[in-house]
1. Given the condition under 21 Å from Gly179 (Cα atoms) and not acidic (Asp, Glu), answer yes or no: does some residue in the stretch 340-358 qualify?
2. Checking Met333 against (1) over 22 Å from the mean Cα position of the chain (by Cα); (2) closer than 18 Å to Val112 by Cβ; (3) of a type outside the set (D, E, K, R); (4) surrounded by 14 or more Cβ atoms within 10 Å (Cβ to Cβ), only one condition comes out false. Which one?
3. Which members of the stretch 36-69 meet the condition of being farther than 17 Å from Arg265 by Cβ and of a type in the set (Gly, Ala, Ser)?
4. Output the residues belonging to the stretch 248-273 that are out of contact with any His (no Cβ under 8 Å at 6 or more places or on another chain) and among the aromatic types (Phe, Trp, Tyr).
5. Within the bounds of the stretch 220-229, is there any residue that is outside any helix (DSSP H, G or I) and either out of contact with any Lys or Arg (no Cβ under 7 Å at 6 or more places or on another chain) or free of Cβ contacts under 8 Å to residues at least 12 places away in the same chain (or both)?
6. So which of Glu65, Glu50 ends up being among the charged types (D, E, K, R), out of contact with any Pro (no Cβ under 8 Å at 6 or more places or on another chain) and either under 30 Å from Val315 (Cα atoms) or outside any helix (DSSP H, G or I) (or both)?
7. State the number of residues belonging to the stretch 283-302 that are touching a residue at least 12 places away in the same chain (Cβ under 8 Å), part of a helix (DSSP H, G or I) and closer than 22 Å to Lys164 by Cβ.
8. Take Asn250 and tell me if it is crowded, with 21+ Cβ neighbours inside 10 Å and modelled with pLDDT of 95 or more.
Amino acid sequence: MDRRSLIKGAGLAGVLAAGVAPAVQAQQAVRWHMASSFPKSLDTLMGSAETFSRVVKALTGGKFEVSVHAAGELMPAFGVLDAIQDNSLEIAQTAGYYFTGKDPVFAFACAVPFGLTTLQMEAWRRQGNGGKLLDEFFKKYNFHALCAGNTTTQMGGWYRKEIKSPDDLKGLKMRLGGGLFGEVMAKLGVVAQNMPGSDVYQALEKGTLDATEFVGPYDDEKLGLSKVAPYYYYPGWWEASAQFDFFINNKAFDKLPDEYKAAVRAAADVAAIEVTSKYQARNPQALKRLRAGNTQFKMFPKPVVDAGFKAAQEVYAEHCDKSPEFKKVFDDMRAFQKEQILWNRYSEFTYNQYINGAKL
């Protein structure tokens, strides 16, 4: 990808018009290392990191390079935060909710049960108070975050048996992702299992797992989960969207000249738009392939979702009581969400109600 075509295709003319292009010619060479929490097999997620690297290099005339390393190449997938914090890594590509063990506030950077949709998350992080509040929190870990993309609304997971009522969740051995979802499901009687995605197929096949949540049709299809768990439930009410980020070490970023800082911000925007649109485009095609096979798509019964909602409110109340910082971010997100729901009633909700039932 040459610099001219990149600028034209990514809409970065405004960045260069601000003076980035001529100024970078006089800048010194910089090399960063990016460690991802994702494997190469998840090509859409990893594509975000690779796009970021290409754009930074193109915008700086090749003088600022970012080498990209998949999970396990430089460090374990969940070791990236510690590396950022101790200044041994310049940038990580990861999901905030992987680190709720350090502090549950991290979950708000990615996804929380019955949280924001993709557009709402983007708006809260970029135009609301979300980005500011999270970066204030992130300071204690020596980084700030730039949005790296969104998986869009996720599915509710794969199950070896049908889920007809909340009672069917009791004792269910389920592989869960990060965040507050595990706490919510524990209240419903689910036995949480923590394992990498690469081990899920075999665990379901052997019966050591009863269910798993992962992402959505495109990524889930790659794992072949329909062969060992026939029931595919929706919606993923614990991940109405899943935002992932570039965690950028503040010390490394502060050393950059302004032109390089602008390139970093622009590259993150390009990567975020690209990966989110890829998920939106790729998931329907994968869904059709799964429907053509033996996958049985099931909507969660309302009593199951109601039980999840009740449990989620209990989890939020518990954390708000324990942590003023959690309460501050939660209250702001919830207030923003209420405004978005009001607007949605007059916009997308009513439109979607009609168009989803129309004969196209």
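The values are calculated or read from the model by the stated rules, or taken from the named source; none is laboratory data. Please read these numbers as outputs of a predicted model, since none were measured by experiment. Note that we place each Cβ from the backbone using ideal geometry, even for glycine, and neighbour counts take in every protein chain shown.
1. Within the stretch 340-358 (the criterion being under 21 Å from Gly179 (Cα atoms) and not acidic (Asp, Glu)), the answer is no, since none of the residues qualifies.
2. (1)
3. Ser36, Ser37, Ser41, Gly47, Gly61, Gly62, Ser67
4. Applying the first criterion (out of contact with any His (no Cβ under 8 Å at 6 or more places or on another chain)) to the stretch 248-273 yields 249, 251-252, 254-273.
Once the filter is applied, which keeps residues that are out of contact with any His (no Cβ under 8 Å at 6 or more places or on another chain) and among the aromatic types (Phe, Trp, Tyr), the stretch 248-273 yields only Tyr260.
5. Scanning the stretch 220-229, I find at least one residue that is outside any helix (DSSP H, G or I) and either out of contact with any Lys or Arg (no Cβ under 7 Å at 6 or more places or on another chain) or free of Cβ contacts under 8 Å to residues at least 12 places away in the same chain (or both), so the answer is yes.
6. That would be Glu65, the only listed residue that is among the charged types (D, E, K, R), out of contact with any Pro (no Cβ under 8 Å at 6 or more places or on another chain) and either under 30 Å from Val315 (Cα atoms) or outside any helix (DSSP H, G or I) (or both).
7. Residues meeting the conditions: 1.
8. Details: crowded, with 21+ Cβ neighbours inside 10 Å: no; modelled with pLDDT of 95 or more: yes.
So Asn250 does not fit the description; no.
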